[in-house]
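The values are calculated or read from the model by the stated rules, or taken from the named source; none is laboratory data. Not measured: the values here are computed from a predicted model. For neighbour counting, all protein chains shown are included, and Cβ atoms are generated from backbone atoms with ideal geometry for every residue, glycine included. All accessible areas refer to the heavy atoms of the entire protein, side chains included, with ligands and DNA or RNA removed. Shrake-Rupley method; radii C 1.70, N 1.55, O 1.52, S 1.80 Å.
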Amino acid sequence: MDPRTLISGMALALGAYASFSISDAFSKLLAGQLDPFEVAFSGGVFGFLILPFIRKPHESYLDVFRPKKKAMWVLRAACVFVATAASVEAFMLLSMPEALSLMFLMPLFVTILSVVLLKEKVTLWAWLAVVLGFIGVLIVLRPGVRPLNMGHLCALVAAFANAGSVIAYRLADKETVRLSLFGSSLIGPLVGNGLLMGLHATWPATITAWVYLFGYGFLAALGQLLMMLATARAPANRVALPQYTQMVWGVVLSYVVFHQPLDGWTFVGIFVLTASGMLNWIRQRIRYEHMAMKERLERKKARKAAKWQASQAQKT
């Protein structure tokens, strides 16, 4: 792969995670001003801004509602709806590092669901990374020492729902129309959060609230667009590596914007979580390099076999 293309993919991924983090900060700024379902609904609305950038010339906008694998489309829509609603509520109730630390349990849930539903084989190194990440979360939260509330439960639900969305995406791997894949992440939050916010929705009372709402929805949509562009330029394992910069953003925004100081144990837990992510990334990189080397050897053997057959044909 061209180094410039790889670097541009990594840069786009960094921009995507920054957009997601600042978007989460805007949702936290709306705590007490708007219903969390209403905030999550706006994310689905602004998501439609991405459609012109991902639609191919031969695709129709109606493909958003016409998936080939309808069951997986509905499952992913439901998972994205639950994840958006739960994550907004979690950021409103918790500090950003606390909420992110629980949401970073998603790889644990993906690993478990992959074994149970997809019958995938998981290596010892993968389980070690998962266990290390779980230990990091326990250090950050310190249950029994610090009180747990509804925000922690919402963050945990968001992590599980995001994992379900990943599994649904894998099961729908034969879905060739990108608009259909992306459409489920729009329709789910729009329908689910729209129904729930209809019970007690209110207009933003101030211009500041409108700005925060726009910032949340627009940056969430921008992050999705940047992530799609990043995955088109760099392998998935490279794009996933900068994800832990979200924790850096969370710490900085928590201290600077929300004036929530962090204690030493929180930093220790964040370090363990980051080490878990790095271990998982190194494992995936070794795995993909091994697969690439195996493919190169097979191609080399195939070329040698073709040359030998050609020489034998000439002799004959």
>> Helix-only estimate, please: 222 nm mean residue ellipticity of the chain, summing -39500 (n - 2.57) across DSSP H runs of length 4 or more and dividing by its residues, to the nearest 500.
In response: -26000 deg cm²/dmol
> How far is it, in nm, from the label point at ARG66 to the one at MET278 when both lie 7 Å from their Cα along the line to the Cβ?
Replying inline: 5.0 nm
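If you count, for each residue, the other Cβ atoms within 10 Å and average over each peptide, how do 198-206, 147-155 line up from highest to lowest?
In descending order of packing, they fall as 147-155, 198-206.
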> Taking the alpha-carbon set of segment 55-113, what are its Rg and Dmax in Å?
Replying inline: 16.0, 45
>> Suppose R0 equals 35 Å. What FRET efficiency, 1/(1 + (r/R0)^6) with r the Cβ-Cβ distance, do PHE258 and ALA232 give to the nearest 0.05?
In response: 0.50
> Along the Cα-to-Cβ line of LYS294, 7 Å from the Cα, sits a label point; which residues in segment 105-138 have backbone N less than 19 Å from it?
Replying inline: 115, 119-127
> Among LEU108, LEU34, SER95, whose Cα lies farthest out toward the positive end of the dipole of segment 4-143, if unit charges sit on the beta carbon of Lys, Arg (+1) and Asp, Glu (-1)?
Replying inline: LEU108
> Considering lysine pairs in segment 55-205 that are 8 or more places apart or on different chains, how many have Cα atoms under 25 Å apart?
Replying inline: 13
>> On C-alpha positions alone, give me the angle between the axis of helix 264-315 and the longest principal axis of the chain, in degrees, nearest 10.
In response: 20 degrees
> Expressed as a whole percentage, what fraction of the accessible surface of the chain belongs to carbon and sulfur atoms when a 1.4 Å probe is rolled over the protein heavy atoms?
Replying inline: 70 percent
> Roughly how tilted is helix 245-256, in degrees to the nearest 10 and between 0 and 90, from the longest Cα axis of the chain?
Replying inline: 20 degrees
> So what is the accessible area of segment 51-110 per residue, in Å², with the probe set to 1.4 Å?
Replying inline: 45 Å²
>> Between TRP127 and ARG303, what is the label-point separation in nm under the 7 Å Cα-to-beta-carbon projection?
In response: 4.1 nm
> Once the Cα atoms of helix 124-141 and of the chain are each reduced to a long axis, what angle between those two axes, in degrees from 0 to 90 to the nearest 10, is obtained?
Replying inline: 10 degrees
> Can you list residues whose amide H is under 5 Å from SER95's amide H, if they're 5+ apart or on another chain and H is modeled 1.01 Å from N?
Replying inline: none
> Peptides 73-84, 250-261, 298-309, 104-115: what's the order by average Cβ count within 10 Å, highest mean first?
Replying inline: 73-84, 104-115, 250-261, 298-309
> Contour minus end-to-end for VAL248 and LEU117, with contour as 0.36 nm per residue of separation and end-to-end as the Cα-Cα distance?
Replying inline: 43.8 nm
> Ratio of the chain's C-alpha Rg to 2.2 N^0.38 Å, to two decimals?
Replying inline: 1.12
